[in-house]
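The following block contains the structure, expressed as C-alpha coordinates.
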Amino acid sequence: MTDPIKKIFTSFSTELVKDVDANAAIQSFKTGDVIIRTGQYIKNTVLVISGKIKVYREDENGGEFFMYYLQPGQACAISMICATKNEKSQIMAKVVEDVELIMVPLPLMDKWMMQHRSWYEFVIDTYRSRFEEVLEVIDSIAFRAMDERLEFYLKRHADVCGCKELKLSHQEIASELNTSREVISRLLKKMEQRGIVALHRNNIELLK
(Lines give C-alpha, C1' and ligand atoms only; values in the text may rest on other atoms or scores of the structure.)
Protein backbone atom coordinates (compact mmCIF):
# COMPACT_ATOMS: atom_id res chain seq x y z
CA MET A 1 0.00 0.00 0.00
CA THR A 2 3.01 2.32 0.48
CA ASP A 3 3.36 3.35 -3.17
CA PRO A 4 -0.22 4.66 -3.67
CA ILE A 5 -0.01 6.55 -0.38
CA LYS A 6 3.21 8.31 -1.43
CA LYS A 7 1.81 9.04 -4.88
CA ILE A 8 -1.57 10.45 -3.78
CA PHE A 9 -0.71 12.01 -0.41
CA THR A 10 2.49 13.75 -1.40
CA SER A 11 2.67 15.91 1.74
CA PHE A 12 2.90 12.87 4.05
CA SER A 13 6.31 12.29 5.63
CA THR A 14 8.09 8.95 5.18
CA GLU A 15 7.40 8.09 8.82
CA LEU A 16 3.68 8.84 8.44
CA VAL A 17 3.44 6.78 5.26
CA LYS A 18 4.97 3.84 7.12
CA ASP A 19 2.46 4.26 9.96
CA VAL A 20 -0.48 4.42 7.54
CA ASP A 21 0.80 1.35 5.71
CA ALA A 22 1.20 -0.61 8.95
CA ASN A 23 -2.03 0.37 10.71
CA ALA A 24 -4.73 1.53 8.28
CA ALA A 25 -6.83 -0.60 5.92
CA ILE A 26 -7.88 -0.14 2.30
CA GLN A 27 -11.53 -0.69 1.36
CA SER A 28 -13.29 -0.45 -2.00
CA PHE A 29 -16.85 0.75 -2.61
CA LYS A 30 -19.02 0.81 -5.71
CA THR A 31 -20.93 3.70 -7.29
CA GLY A 32 -24.13 4.29 -5.34
CA ASP A 33 -22.84 2.91 -2.03
CA VAL A 34 -23.59 5.15 0.96
CA ILE A 35 -20.53 5.05 3.22
CA ILE A 36 -21.61 7.61 5.85
CA ARG A 37 -25.20 8.10 6.99
CA THR A 38 -26.87 10.77 9.08
CA GLY A 39 -27.14 9.65 12.71
CA GLN A 40 -24.39 7.04 12.70
CA TYR A 41 -21.21 7.19 14.77
CA ILE A 42 -18.05 7.56 12.70
CA LYS A 43 -15.22 5.27 13.76
CA ASN A 44 -12.76 5.93 10.93
CA THR A 45 -11.29 8.85 9.07
CA VAL A 46 -11.67 8.31 5.32
CA LEU A 47 -8.83 9.16 2.91
CA VAL A 48 -9.57 8.88 -0.81
CA ILE A 49 -7.08 7.01 -3.02
CA SER A 50 -9.23 6.89 -6.17
CA GLY A 51 -12.77 7.68 -7.30
CA LYS A 52 -15.19 10.35 -6.08
CA ILE A 53 -17.59 10.77 -3.14
CA LYS A 54 -20.46 13.23 -2.80
CA VAL A 55 -20.96 14.76 0.65
CA TYR A 56 -24.41 16.20 1.32
CA ARG A 57 -27.09 16.85 3.92
CA GLU A 58 -30.46 15.11 3.73
CA ASP A 59 -33.71 16.46 5.14
CA GLU A 60 -36.51 14.42 6.69
CA ASN A 61 -38.28 14.16 3.33
CA GLY A 62 -35.22 12.79 1.53
CA GLY A 63 -34.29 16.12 -0.08
CA GLU A 64 -30.57 16.68 -0.63
CA PHE A 65 -28.36 19.69 0.01
CA PHE A 66 -25.07 19.24 -1.85
CA MET A 67 -21.94 20.35 0.06
CA TYR A 68 -18.81 19.16 -1.71
CA TYR A 69 -17.03 16.27 -3.45
CA LEU A 70 -14.12 14.22 -2.12
CA GLN A 71 -11.47 13.22 -4.65
CA PRO A 72 -8.07 11.43 -4.54
CA GLY A 73 -5.76 12.94 -1.96
CA GLN A 74 -8.60 14.38 0.13
CA ALA A 75 -10.39 13.59 3.38
CA CYS A 76 -13.78 14.54 4.82
CA ALA A 77 -13.34 17.31 7.40
CA ILE A 78 -16.84 16.93 8.85
CA SER A 79 -16.36 13.20 9.44
CA MET A 80 -13.01 13.98 11.10
CA ILE A 81 -14.71 16.38 13.52
CA CYS A 82 -17.54 13.93 14.29
CA ALA A 83 -15.06 11.11 14.85
CA THR A 84 -12.84 13.21 17.12
CA LYS A 85 -15.79 14.31 19.30
CA ASN A 86 -17.48 10.91 19.12
CA GLU A 87 -20.61 12.59 17.77
CA LYS A 88 -23.20 11.26 15.36
CA SER A 89 -22.78 12.17 11.71
CA GLN A 90 -24.74 15.15 10.41
CA ILE A 91 -23.93 14.35 6.78
CA MET A 92 -24.37 11.70 4.12
CA ALA A 93 -21.52 10.50 1.92
CA LYS A 94 -22.29 8.55 -1.26
CA VAL A 95 -19.93 7.10 -3.86
CA VAL A 96 -20.46 8.65 -7.31
CA GLU A 97 -17.44 6.96 -8.92
CA ASP A 98 -16.01 3.63 -7.65
CA VAL A 99 -13.59 4.43 -4.83
CA GLU A 100 -10.65 3.02 -2.95
CA LEU A 101 -10.37 4.40 0.57
CA ILE A 102 -7.84 4.33 3.37
CA MET A 103 -9.72 3.77 6.62
CA VAL A 104 -7.85 5.34 9.56
CA PRO A 105 -9.24 4.28 12.99
CA LEU A 106 -10.05 7.16 15.34
CA PRO A 107 -7.36 6.38 17.96
CA LEU A 108 -4.68 6.61 15.26
CA MET A 109 -5.91 9.98 14.06
CA ASP A 110 -5.50 11.47 17.55
CA LYS A 111 -2.12 9.80 18.04
CA TRP A 112 -0.78 10.98 14.67
CA MET A 113 -1.80 14.57 15.42
CA MET A 114 0.88 14.54 18.13
CA GLN A 115 3.44 12.31 16.43
CA HIS A 116 3.48 13.49 12.81
CA ARG A 117 3.73 17.12 11.78
CA SER A 118 2.70 16.26 8.21
CA TRP A 119 -0.55 14.63 9.48
CA TYR A 120 -1.30 17.65 11.67
CA GLU A 121 -0.81 20.00 8.69
CA PHE A 122 -2.92 17.74 6.43
CA VAL A 123 -5.82 17.76 8.92
CA ILE A 124 -5.66 21.54 9.40
CA ASP A 125 -5.50 22.12 5.64
CA THR A 126 -8.49 19.78 5.18
CA TYR A 127 -10.51 21.79 7.71
CA ARG A 128 -9.56 25.07 6.05
CA SER A 129 -10.31 24.02 2.46
CA ARG A 130 -13.67 22.43 3.35
CA PHE A 131 -14.67 25.45 5.42
CA GLU A 132 -13.98 27.69 2.42
CA GLU A 133 -16.01 25.41 0.16
CA VAL A 134 -18.97 25.40 2.53
CA LEU A 135 -18.80 29.21 2.76
CA GLU A 136 -19.01 29.39 -1.04
CA VAL A 137 -22.12 27.21 -1.00
CA ILE A 138 -23.71 29.34 1.72
CA ASP A 139 -22.92 32.51 -0.21
CA SER A 140 -24.50 31.08 -3.37
CA ILE A 141 -27.70 30.29 -1.47
CA ALA A 142 -27.89 33.52 0.52
CA PHE A 143 -26.90 36.04 -2.12
CA ARG A 144 -27.61 34.56 -5.56
CA ALA A 145 -30.74 33.97 -7.60
CA MET A 146 -31.40 30.43 -8.85
CA ASP A 147 -29.91 31.09 -12.31
CA GLU A 148 -26.67 32.32 -10.70
CA ARG A 149 -26.67 29.34 -8.32
CA LEU A 150 -27.07 26.98 -11.26
CA GLU A 151 -24.17 28.56 -13.15
CA PHE A 152 -22.01 28.42 -9.99
CA TYR A 153 -22.98 24.78 -9.48
CA LEU A 154 -22.05 23.78 -13.04
CA LYS A 155 -18.72 25.60 -12.96
CA ARG A 156 -17.90 23.99 -9.64
CA HIS A 157 -18.56 20.55 -11.10
CA ALA A 158 -16.38 21.39 -14.10
CA ASP A 159 -13.55 22.44 -11.78
CA VAL A 160 -13.86 19.21 -9.80
CA CYS A 161 -13.70 16.89 -12.81
CA GLY A 162 -11.38 19.09 -14.90
CA CYS A 163 -13.77 18.76 -17.83
CA LYS A 164 -16.36 20.73 -19.75
CA GLU A 165 -18.84 17.92 -20.41
CA LEU A 166 -20.86 17.18 -17.27
CA LYS A 167 -22.82 13.94 -17.00
CA LEU A 168 -25.61 15.36 -14.86
CA SER A 169 -29.33 14.83 -15.27
CA HIS A 170 -31.76 17.72 -14.82
CA GLN A 171 -33.36 15.83 -11.92
CA GLU A 172 -30.00 15.28 -10.20
CA ILE A 173 -29.21 19.00 -10.41
CA ALA A 174 -32.69 19.89 -9.15
CA SER A 175 -32.31 17.60 -6.13
CA GLU A 176 -28.93 19.06 -5.19
CA LEU A 177 -30.13 22.64 -5.59
CA ASN A 178 -33.41 21.88 -3.80
CA THR A 179 -35.69 22.96 -6.64
CA SER A 180 -37.81 21.29 -9.33
CA ARG A 181 -36.62 19.60 -12.51
CA GLU A 182 -38.84 21.94 -14.53
CA VAL A 183 -37.09 25.02 -13.12
CA ILE A 184 -33.66 23.57 -13.91
CA SER A 185 -34.68 22.60 -17.45
CA ARG A 186 -36.02 26.09 -18.10
CA LEU A 187 -32.89 27.79 -16.73
CA LEU A 188 -30.58 25.49 -18.69
CA LYS A 189 -32.48 26.33 -21.87
CA LYS A 190 -31.96 30.03 -21.17
CA MET A 191 -28.26 29.41 -20.51
CA GLU A 192 -28.04 27.59 -23.84
CA GLN A 193 -29.63 30.57 -25.59
CA ARG A 194 -27.03 32.84 -23.97
CA GLY A 195 -24.21 30.59 -25.17
CA ILE A 196 -23.14 29.48 -21.70
CA VAL A 197 -23.92 25.78 -22.16
CA ALA A 198 -24.76 23.31 -24.91
CA LEU A 199 -27.38 20.71 -23.98
CA HIS A 200 -26.80 17.19 -25.30
CA ARG A 201 -28.70 13.95 -24.80
CA ASN A 202 -26.46 12.57 -22.04
CA ASN A 203 -24.49 15.56 -20.82
CA ILE A 204 -24.30 19.32 -20.38
CA GLU A 205 -21.36 21.01 -22.08
CA LEU A 206 -20.03 24.13 -20.38
CA LEU A 207 -18.97 26.66 -23.03
CA LYS A 208 -17.83 29.56 -20.84
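The values are calculated or read from the model by the stated rules, or taken from the named source; none is laboratory data. The model shown is predicted, which means the values in this text are computed figures rather than measured ones. Methodologically, a virtual Cβ is constructed for each residue, glycine included, from the backbone with ideal geometry; neighbour enumeration extends over all protein chains shown. The protein model used for the area step is the full one, side chains on, heavy atoms only, and it has no ligands, DNA or RNA in it. Shrake-Rupley method; radii C 1.70, N 1.55, O 1.52, S 1.80 Å.
Which one of His200, His157, His170 is in contact with a Phe, Trp or Tyr (Cβ under 9 Å, 6 or more places away or on another chain) and outside the structural domain of Pro72 (by the TED database)?
None of the other options fit; the residue is His157.
Tell me, yes or no, whether region 128-146 has at least one residue that is open to solvent by 70 Å² or more (accessible area, probe 1.4 Å) and in contact (Cβ under 8 Å) with a residue 40 or more places away in the chain.
Taking every residue of region 128-146 in turn, at least one turns out to be open to solvent by 70 Å² or more (accessible area, probe 1.4 Å) and in contact (Cβ under 8 Å) with a residue 40 or more places away in the chain.
From the set of residues in region 114-165 that are in contact with a Leu (Cβ under 8 Å, 6 or more places away or on another chain) and hydroxyl-bearing (Ser, Thr, Tyr), which is farthest from Cys76 (Cα to Cα)?
Tyr153
Looking at (1) open to solvent by less than 70 Å² (accessible area, probe 1.4 Å); (2) in contact (Cβ under 8 Å) with a residue 40 or more places away in the chain, which one does Val17 not meet, given that it meets all the others?
Checking Val17 against (1) open to solvent by less than 70 Å² (accessible area, probe 1.4 Å); (2) in contact (Cβ under 8 Å) with a residue 40 or more places away in the chain, the one that fails is (2).
Identify, please: which residue in region 53-72 is in contact with a helix residue (DSSP H, G or I) (Cβ under 8 Å, 6 or more places away or on another chain) and open to solvent by less than 30 Å² (accessible area, probe 1.4 Å) and is, among those, nearest to Arg181 (Cα to Cα)?
Gly63
Then there's this: For region 159-208, which residues satisfy the criterion of being in contact (Cβ under 8 Å) with a residue 60 or more places away in the chain and crowded, with 16+ Cβ neighbours inside 10 Å?
Residues satisfying the conditions are Ser175, Glu176, Leu177.
Under the condition of being part of a helix (DSSP H, G or I) and not polar (S, T, N, Q), which residue from region 1-14 is surrounded by the fewest Cβ atoms within 10 Å (Cβ to Cβ)?
Checked region 1-14; the qualifying residue surrounded by the fewest Cβ atoms within 10 Å (Cβ to Cβ) is Asp3.
Somewhere in region 98-106, is a residue assigned by the TED database to the domain that holds Gly39 and either within 30 Å of Ala198 (Cβ to Cβ) or touching a Phe, Trp or Tyr at 6+ places or on another chain (Cβ under 6 Å) (or both)?
Looking for residues that are assigned by the TED database to the domain that holds Gly39 and either within 30 Å of Ala198 (Cβ to Cβ) or touching a Phe, Trp or Tyr at 6+ places or on another chain (Cβ under 6 Å) (or both), one finds at least one in region 98-106, hence yes.
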